[in-house]
1. Full extension from E257 to S217: what is 0.36 nm times the residue separation minus their Cα-Cα distance, to one decimal in nm?
2. Using R₀ = 51 Å, calculate the FRET efficiency as 1/(1 + (r/R₀)^6) where r is the Cβ-Cβ separation of A645 and E140; round to 0.05.
3. Using helices alone, what [θ] at 222 nm do you get for the chain, with -39,500 (n - 2.57) per DSSP H run of 4 or more residues, divided over all residues and rounded to the nearest 500?
4. Multiplying the sequence separation of K694 and I41 by 0.36 nm and subtracting their Cα-Cα distance, what value in nm do you get?
5. Return the FRET efficiency for the residue pair K445, R660: r is the Cβ-Cβ distance, R0 is 25 Å, and the value is rounded to the nearest 0.05.
6. Give, in nm to one decimal, the length gained when the segment between Y131 and F595 is fully stretched (0.36 nm per residue of separation minus the Cα-Cα distance).
7. Using Cα-Cα distances under 8 Å and only pairs 6 or more residues apart, what relative contact order does segment 19-165 have, in percent?
8. Using alpha-carbon positions, what is the distance between the centroids of segment 88-120 and segment 597-664, in Å?
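The values are calculated or read from the model by the stated rules, or taken from the named source; none is laboratory data. Every value quoted in this text rests on a predicted model; they were computed, and no experiment measured them. Cβ atoms come from the backbone with ideal geometry, glycine included; neighbour counts cover every protein chain shown. Only protein heavy atoms, including side chains, enter the accessible area calculation; ligands, DNA and RNA are left aside. Shrake-Rupley method; radii C 1.70, N 1.55, O 1.52, S 1.80 Å.
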Amino acid sequence: MPTLNVNGNVIEVPDGITLLQACEMAGAEIPRFCYHERLSIAGNCRMCLVEWVGAPKPQASCALSVNDLRPNRDGSPAEIQTNSEIVRKAREGVIEFLLINHPLDCPICDQGGECDLQDQAMSYGVDASRYAENKRAVDEKDIGALVQTTMTRCIHCTRCIRFVTEVAGVPELGATGRGEDMEITTYLEKAMSSELQGNVIDLCPVGALTSKPYAFSARPWELHKTETIDVMDAVGSNIRIDTRGREVMRVMPCLHEDVNEEWISDKSRFIWDGLRTQRLDQPYIRKDGKLEPASWSAAFAAIASAAAKSSPQKMAAIAGDLAAAEEMFALKCLMDSLGVAHIDCRQDGAQLDPALGRGSYIFNSTIAGIEDADALLLIGCNPREEAAIINARIRKRWRRGNFPIGAIGGLKDGANTDLTYEYEYLGAGPETLSEVRSGKHSFFKQLKSATKPLIIVGQGALARKDGATVLSAAATLAVTCKAVTADWNGFNVLHTAASRVAGLDLGFVPGPTGRDVESIVRGAKASEVDFVYLLGADEIPGEQFGKAFVVYQGTHGDQGAHRADVILPGAAYSEKSGIYVNTEGRAQMAYRGAFPPGDAREDWAILRALSDVLGAKLPFDSLDQLRAAMFEAVPHFANINGIEAGLPEDIGRVAKVGGRLGKDPFEGAVKDYYLTNPIARASRIMAGQSQAAKSHLGEATGTDG
């Protein structure tokens, strides 16, 4: 290991790291603009200059490896100074150069208050400039509805270019011209189309790229910041919600190396306007075919009356995709108290059975484990649309090389679908899966020869009548190609619903005599089910419930509320504290950043109050008491940020299920990436992105007539 003397502190550092990283390991602070730990090294801002004692000039510490630093002639470690007079003057010069053309418009810049250039100019710059020449001006670029450009502020750090090329995998930004004429732009003046494009806002060290929907809305010092968990997909990205008063103003990413690193998808970032639109803020009761405002007591009385006319055999409950573990546990306890067996959390009809073991329905390799794999098979999923952050992790592994990827179905355009990495499209459906499983397909050899093969099964392959058989076939393949061993479990299920894994862990599925979602709907049409409780379940068309009495507890006026006979307004994910379990089985705690509007209440509290009226009082009066009971029932929920691993034997049990595969091709689980849940459908920003994607506005070129 190389040894360095940094500011008189002699340390040993790992091979291959940069001098900048070594200096920070020694406790020195190194300013930078272009350098970023997750991007390739550009070395073009020169803000990270340090003095290598004996060298003829300051060194760019981001672009110099510690292995290139030879010891002194007497054998002592190379001496690095990070605060010498030479370094101080160099940094002042760099800041002075950067500010030559900067418009100095901090009072009207959305980056003001959290700007790297602002901070470093104050820390390392001087209070005057020797340059009086006219500043250059750059035309603004229209790169879509999400990212606002003010390119006169750009300092050409190229972070945005490197991100879209290396991480997002959609190289839509680049540089034209040289020197003073250099400009960052899209190549053909088109809108950006990546699902991760919003991350360039965080990467930009100045105000050149800011959030267009958030523009001129608030200053950072006005906002209350709450770290919580995203629920727009099942990844469980760590986020920060910034609120002013009762309103969510923006959503930002938080660092979590094992889940989302420091990125979030555009849906997670720009969903905030949907949290304040079309909200349910008071109870409603349907009278003469029309929903009318009501009090909580009147709404509860109407539910109790309908429940009294029904019987446990004719009652059912369905949990939606955004429900936290606490309210699902409360609803399950309530249904158990009433003797109701018809419960289900698999709103899309996915054929997953918790009785087969936890390993049969979680992402066993973990998200970070993707980087250890050496072959991948996708079955009935499009990770770019279903889990953009996981897709970026797959691309990260693919860029290292020697990572064959095969795909079976799940892609709208088949082999022409851009997943941001190269893959082999093996076929569209179960027949191809059978070929690979039996070893007749050439891709089987690549899986078989891999040390740590990875198999990802999507909801598009599971939410169908033969879903259990498809899962069994995939498990058989995993066992055959040794994707499941004592030290590696490469059998993964990719979920799309934030609530799904917690619901399966809780056993929110029908028992031996219970009905699943499909059977509940069929029973409602045939009047065999006459009372349905929807806990945020909005993905089932209302007319499918026939004449059944429908109670909807949720946040938005979406499909569930349109059909409901009684509406109970609940709290959105940003307005309550709750546990969410992501697709890899990691329990994470979401915290309240705002308060529900009007008379809306936290979901567990609604169910507790309703249980009193129904004569089946739940045995807890506070959230702490509820969690204590839930932790007793499912102990691993108490291990926040931990993963209760699935057992290899679980995969073996799934493989034994067997059955007959259908012939229909696997379809993707996501029909419209931007409109997958009631919050997204209430968002004006998401509606605009959806419309742009459908009309191909983002694919227009400068040669169009």
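1. 11.3 nm
2. Values: r = 51 Å, r/R0 = 0.99.
FRET efficiency, A645 to E140: 0.50.
3. -7500 deg cm²/dmol
4. Extra length available between K694 and I41 comes to 231.4 nm.
5. Efficiency, from the Cβ-Cβ distance: 0.40.
6. Gain on stretching Y131 to F595: 161.9 nm.
7. It rounds to 23 percent for segment 19-165.
8. 50 Å
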